[in-house]
């Protein structure tokens, strides 16, 4: 393994150690109720969201202060996204989508804090988020459209002979959605943080350390971009799926 | 030589699956480049299509992330 | 394995695939999501929505007020223009009136002056005529006297009546 080969030079590659789930107050057992670093960083995310959207807007000024503008910016950004992608009737689900967006955004960005734990890098977390979206959208689709929701898989614009094949592909791609939805986010976060860690490990070599620091800085810049884009992509895909459930024939 | 043939296989497999990330990069570049070409031809329509651009990039990138995942699994989990 | 080297987990190398922590993560995730959802849907989003709506309303009102003021300004300008035109008309009228008055006064004064001149001229003529008449009489007297004297000097004896007749005849002729 890499570590074994590198021990002689003092390099320690441990890109995955940062993703370990550890109990906060000692002990080794991780039961379902144990407060762990997951808990800590999720609570920090809640506090961050509260600070941004509740405390920042507490003055309710018509002419916004800086903190209030940031909150309004986030609100307007997601609101416009939901309205543009799903249409007016999708706005009922705006709080739900806003919750997802704010949670993913804050988890991603908090993960960039040195020594932090990235909750969204775990497939368990993103998987639950994606499954929640998938189940919501599927149930909503059947509640709103009834059996007509299945018409989404039957492409009437295609020639009749092709339709069963297309239907199969459509069904498969529909069920792959939560997989790609969750792995995209977790994979991006894991990859970025692991790469930063690998670059940082190179700093153990004096000759390579300037390059390593440069690499860390460059990756960090890219990660800031990726953190936002992944939150955006997760949210907009949620909106797209929601649109499919509300208007399956477009 | 340390390690065994299975270890070697894991590393080779991880390296090969890392190629997939580069191919996904080609795909992402293709999406972004075509978007830019179209946007320069018709700048007025570009603003409304940025969401589509990001969705396309996300789908292209997801496959690269899958190959990265395969590499990670080979390195750490197999 | 790398993780074994750090002596961290006894599970698989990737912490993401350590299923023993899944329950823990999912549990805390669900709590977090519910908390965020309630914070957002009960406090944050209605508040921001209200602020944005209020701002929109204020902006709309302000725009309406501005529109109102603009209409008023246009109205005021029209009124001003109308007043200006009216004033100009009035001024023209007053000027014309004044001109007519002056003309009338002038005419009257001229007529009066003409009349006075005519009266003066008549008086003058009368005076001249009188003077002429007196002059004629005087001439007749002188002529009579002269004729009498001449006749007397000639050695004749002229009676007054014939001399007068002769002089009158001469004067007429």
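A short reminder: the numbers here are calculations on the coordinates, not readings from a lab. What you see is a predicted model, and the numbers here were worked out from it, not measured in a lab. So basically every Cβ, Gly included, is an ideal-geometry build from the backbone, and we count neighbours across all protein chains shown.
Would you give the gap between the C-alpha center of segment C:34-98 and the C-alpha center of segment A:98-114, rounded to a whole Å? If we compute the Cα centre of each part, the gap is 44 Å. Principal semi-axes of the equivalent ellipsoid, √(5λ) from the alpha carbon gyration tensor of segment B:5-47, are 40, 6, 4 Å from largest down. Each of the peptides C:105-113, A:163-171 was scored by the mean count of other Cβ atoms within 10 Å over its residues; in descending order, highest first, they stand as A:163-171, C:105-113. Among B:48, B:64, B:15, the largest mean-square fluctuation in a Gaussian network model of chain B, built with springs joining Cα atoms closer than 10 Å, belongs to B:48. Taking the Kirkwood radius as Rh and the Cα radius of gyration as Rg, segment A:66-186 has a ratio of Rg/Rh equal to 1.07. With the simple model of a label 7 Å out from the Cα in the direction of the Cβ, residue B:52 to residue C:134 spans 12.8 nm. Each 5 Å bin from zero up to the one holding the largest Cα-Cα distance in segment A:102-250 carries the following percent of pairs: 2, 9, 15, 16, 13, 11, 10, 8, 6, 4, 3, 2, 1, 0. If you run the Gaussian network model on chain A, springs between alpha carbon atoms under 10 Å, then out of A:21, A:104, A:82 the most flexible one is A:21.
Once the Cα atoms are used to define both axes, helix C:22-38 deviates from the longest principal axis of chain C by about 20 degrees. Relative intensity of the protein assembly as shown on a log10 scale, I(q)/I(0) at q = 0.09 Å⁻¹, equals -0.80, per a Debye sum over C-alpha point scatterers of equal strength in the absence of solvent. Rounded to the nearest 10 degrees, the inclination of helix A:163-202 to the longest alpha-carbon principal axis of chain A is 20 degrees. Label-to-label distance, residue C:42 versus residue A:25, with points set 7 angstrom from Cα along the beta-carbon direction: 2.5 nm. Residues C:20, A:121, A:173, ranked from the fewest to the most other C-beta atoms within 10 Å, line up as A:173, C:20, A:121.
Using alpha carbons only, the radius of gyration of segment B:21-77 set against its Kirkwood radius gives Rg/Rh = 1.18.
The mean of 1/r over all distinct Cα pairs in segment A:2-246, once inverted, gives the Kirkwood hydrodynamic radius of 20.7 Å.
Share of pairwise Cα-Cα distances greater than 22 Å in segment C:68-173 is 68 percent (whole percent).
Ordered by the count of other Cβ atoms within 10 Å of each Cβ, fewest first, A:156, A:136, A:120, C:146 give A:156, C:146, A:136, A:120. So if R0 is 56 Å, what FRET efficiency would residue C:118 and residue C:80 give, r being the distance between their Cβ atoms, rounded to the nearest 0.05? About 0.50, to the nearest 0.05. For peptide A:22-32, the mean count of partner chain Cβ atoms within 10 Å of a residue's Cβ comes to 3.
If I take all pairs of Cα atoms in segment C:21-129, what percentage of them are more than 20 Å from each other? Tail of the P(r) past 20 Å holds 77 percent of the pairs. Can you work out the PRE-style zone for residue C:171? Point 7 Å along Cα to Cβ, and I want the residues of segment C:137-153 with backbone N under 20 Å. Under cut-off, by backbone N: C:137-152.
Please give the direction-averaged projected area of the C-alpha convex hull for segment A:144-208, in square nanometres with one decimal. Average projection, Cα convex hull of segment A:144-208: 7.5 nm². Among C:134, A:238, a tally of other beta-carbon atoms within 10 Å of each Cβ gives an order, fewest to most, of C:134, A:238. Using alpha carbons only, how many degrees (0 to 90, rounded to 10) separate the axis of helix C:45-154 from the longest principal axis of chain C? Taking the Cα atoms of chain C, the angle to C:45-154 is about 10 degrees.
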